[in-house]
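See below for the structure under consideration.
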Amino acid sequence: ALTADVSEFLATVPVAEGVGAKLSRLLHGFLADEVLPQAERAADLGLDPAPFLAVVSDVLRLYAEALERP
């Protein structure tokens, strides 16, 4: 769900298509390689990963908003 949210949000950011596509690939890789494994480990330990995922989502949204045109 987080990956879909990030993809949808990035689609609304006005950046060049090539740069946007590369950024999207990098963010998907980051989510798959770094974020989701940590969330899964937390869940395996009985911890709720939702707060961690919310922080990551908020940071990515702030980054995307910074890319918007003034």
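Taking region 45-70, which residues are surrounded by 11 or more Cβ atoms within 10 Å (Cβ to Cβ) and farther than 19 Å from Phe30 by Cα?
Once the filter is applied, which keeps residues that are surrounded by 11 or more Cβ atoms within 10 Å (Cβ to Cβ) and farther than 19 Å from Phe30 by Cα, region 45-70 yields only Leu47.
Which residue, of Leu47, Leu53, Leu36, is at pLDDT 90 or above and not in a helix (DSSP H, G or I)?
None of the other options fit; the residue is Leu47.
Which of the following residues is at pLDDT below 85, in a loop (DSSP other than H, G, I, E, B) and of a type outside the set (D, E, K, R): Val6, Val15?
Val15
The values are calculated or read from the model by the stated rules, or taken from the named source; none is laboratory data. Please read these numbers as outputs of a predicted model, since none were measured by experiment. A quick note on method: Cβ atoms are made from the backbone with ideal geometry, for glycine too, and the neighbour counts reach across all protein chains shown.
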